[in-house]
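I have placed the structure first, in the form of structure tokens, so that the comments after it can refer back to it.
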Amino acid sequence: MALSPALRKRVLDHITPTPKELAQEQAFAAQFADQLQSLKGPHVDVVLAGSLSRNTHLAGDRDMDFFVRYSTEMDRETFEKEGLALAKKSFGKNPYQVAYSEHPYVKGVINGFEVEVVPCYAIDSVEQKQSSVDRTVLHTQYLQRKLLPAHLPEIRLLKKWLKGIGCYGADLHAHAVPGIVAEILVVQFGTFEQVLEELSRMKLHHVIDLEQHFDVDKAQQKFDPAPLIVIDPIDPNRNVAAALSLEVMAKIITASHRFLQKPSLNYFFPPQEKPLTGKQLAALAEKEGLIVAVLPYPKGALSDEVWGQIHRFDRKMVSILQEKSFIVERHDAWTDETKHLLFVWELQDAVLGKAQRRVGPPIWHTKHVQQFLNTHKKVVTGPRIENDRVVVETMREVVDAVSYLQQELPIIGKKETTHLKTALSKKPLILQGKKLVSFYQQNKNIQTYLTHYAKGKDAFFEW
Ligand code: CTP
Ligand code: MG
């Protein structure tokens, strides 16, 4: 079933910037680009990139990406120095922050716009690229050529739809679909509905290759094991959808299937999830066996860096818990990017039995059996033969997950070289049961997240 014309219009009315908004954005962009251009320095020119330059941004989106281009003749050190100095200067008295990808750039707020000023090299084709952000201007030029006026509303619908199911964005931690992929999908398939039709039937490792750089087999081999392969039209060596995870891809396929069966405005404007009451959270947390570690957000840390680091730390902690025989059924890491970092674990049992069964080698391997017996001298029961193996039960070193985390996290933190080291320099709060509920009730900033986690439900299943 397609989206009815009436629904389509209602969504578009909300997500298309008004002519007044567009005029303001364009006037500001032109004026700021001129001002940047006229600052003293060896730059070649200034290019507005990103969705605003192609009129594919959503109403209310305030981000603007300016690329200051330098000659490829310029050496890297001068380029970085000049670029950073110019970018800083362009913000005048407005607040800004220096951020780093491969080299420094600057972001800040001017007139309510979230402005990024990114130095890059001026190139005509990707072979001349010296920094990965050099591609962005080529994308802008390519898409400005390819996009038809009819594509623009379709792209906005697709972006908003993806956003509604929580699968949109270029932030690496989101593992989601970046804007440029939404644009490429619409160029390839024509309309929002057609894109969803295709997505709903899509199998893993599907290849989208606008410029037909490769045969499908070759592309799949080259970008194995990416769940979706979208060849960068201006750089055949790159999958623009590389950050998309299997899980997000699977969500998109499921949601598009369900949407086509029963289109609903909820996908575009998801109803706000009401935070659980303390009592509701207590009941769920008890059934799930939730344990939450609360750490302070490391002051001044860049959120992009922190997200990457907490996801890595999350995986590390899972293997540490598993080593101690805890069965981790679900886990996650989250931050509000200002006050708190949270790690959440759902353990099958937070307290393990005191004795641990250890199954040794088959009795036929006499030498190994002897080694096994030598290593396990202090036993609770055994040694005995079960079937053809030697078995003992020993005392567990760790039985209680909460006290283990309490004791171990600061020790693990000391070995970290990331922002986690700072976050773990004070004793973390390890919360469960009543303590978790009272923290939940006192901290509004974590309620939406913990509600979502505790419910563990993809909202589109009820739309
Ligand atoms: N980009 C890229 N590959 C990605 C993400 C981003 O090459 N995986 C480049 C693209 O050239 C993109 C630009 O970075 O146009 C800016 O990215 P971003 O601001 O995240 O997205 P927009 O395309 O501007 O979309 P929107 O802001 O509307 O979400
Ligand atoms: Mg953008």
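The values are calculated or read from the model by the stated rules, or taken from the named source; none is laboratory data. As the structure is a computational prediction, the values presented were derived from the model and not from experiment. Here Cβ is always computed from backbone atoms with ideal geometry, including for glycine, and neighbour counts include all displayed protein chains.
The table for this structure:
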{"quantity": "Answer residue from the range 280-298, given it is in contact (Cβ under 8 Å) with a residue 60 or more places away in the chain and farther than 21 Å from residue 412 by Cβ and is surrounded by the most Cβ atoms within 10 Å (Cβ to Cβ) among those", "calculated": "285"}
{"quantity": "Residue, farthest from ligand 1 (Cβ to nearest atom), within the range 43-65, restricted to residues that are in contact with a helix residue (DSSP H, G or I) (Cβ under 6 Å, 6 or more places away or on another chain) and not aliphatic (A, V, I, L, M)", "calculated": "55"}
{"quantity": "Hey, residue 199 assigned to a helix (DSSP H, G or I), at pLDDT 95 or above and either of a type in the set (Lys, Arg) or more than 14 Å from ligand 1 (Cβ to nearest atom) (or both) or not", "calculated": "yes"}
{"quantity": "From 178, 227, 149, 233, residue being over 30 Å from residue 315 (Cα atoms) and out of contact with any Phe, Trp or Tyr (no Cβ under 6 Å at 6 or more places or on another chain)", "calculated": "149"}
{"quantity": "Residues satisfying the stated conditions in the range 334-356, i.e. assigned to a strand (DSSP E or B), over 19 Å from residue 394 (Cα atoms) and in contact (Cβ under 8 Å) with a residue 40 or more places away in the chain", "calculated": "334, 340, 341, 342, 343, 344, 345, 346, 347"}
{"quantity": "In the range 61-75, residue farthest from residue 119 (Cα to Cα) [restricted to those that are within 14 Å of ligand 2 (Cβ to nearest atom) and modelled with pLDDT of 95 or more]", "calculated": "64"}
{"quantity": "Helices (runs of 4 or more DSSP H) contained entirely in the range 70-170, each with at least 3 residues that are surrounded by fewer than 16 Cβ atoms within 10 Å (Cβ to Cβ) and more than 16 Å from ligand 1 (Cβ to nearest atom)", "calculated": "76-90"}
{"quantity": "Subset of the range 149-181 (residues that are hydrophobic (A, V, I, L, M, F, W, C) and either more than 16 Å from ligand 2 (Cβ to nearest atom) or more than 27 Å from residue 262 (Cβ to Cβ) (or both))", "calculated": "150, 157, 161, 165, 167, 170, 172, 180"}
{"quantity": "Restricting the range 23-59 to residues that are of a type in the set (Gly, Ala, Ser) and either crowded, with 21+ Cβ neighbours inside 10 Å or touching a residue at least 24 places away in the same chain (Cβ under 8 Å) (or both), the residue that is farthest from ligand 2 (Cβ to nearest atom)", "calculated": "41"}
{"quantity": "Test: residue in the range 239-250 that is within 14 Å of ligand 1 (Cβ to nearest atom), within 27 Å of residue 205 (Cα to Cα) and part of a strand (DSSP E or B)", "calculated": "yes"}
{"quantity": "Positions within the range 116-148 being among the aromatic types (Phe, Trp, Tyr) and touching a strand residue (DSSP E or B) at 6+ places or on another chain (Cβ under 9 Å), in sequence order", "calculated": "121"}
{"quantity": "Output for the range 349-366, where each listed residue is closer than 28 Å to residue 432 by Cα and exposed (fewer than 15 other Cβ atoms within 10 Å of the Cβ)", "calculated": "349, 351, 353, 354, 357"}
{"quantity": "Residues within the range 14-47 that are in contact with a strand residue (DSSP E or B) (Cβ under 9 Å, 6 or more places away or on another chain) and under 19 Å from residue 72 (Cα atoms), tallied", "calculated": "8"}
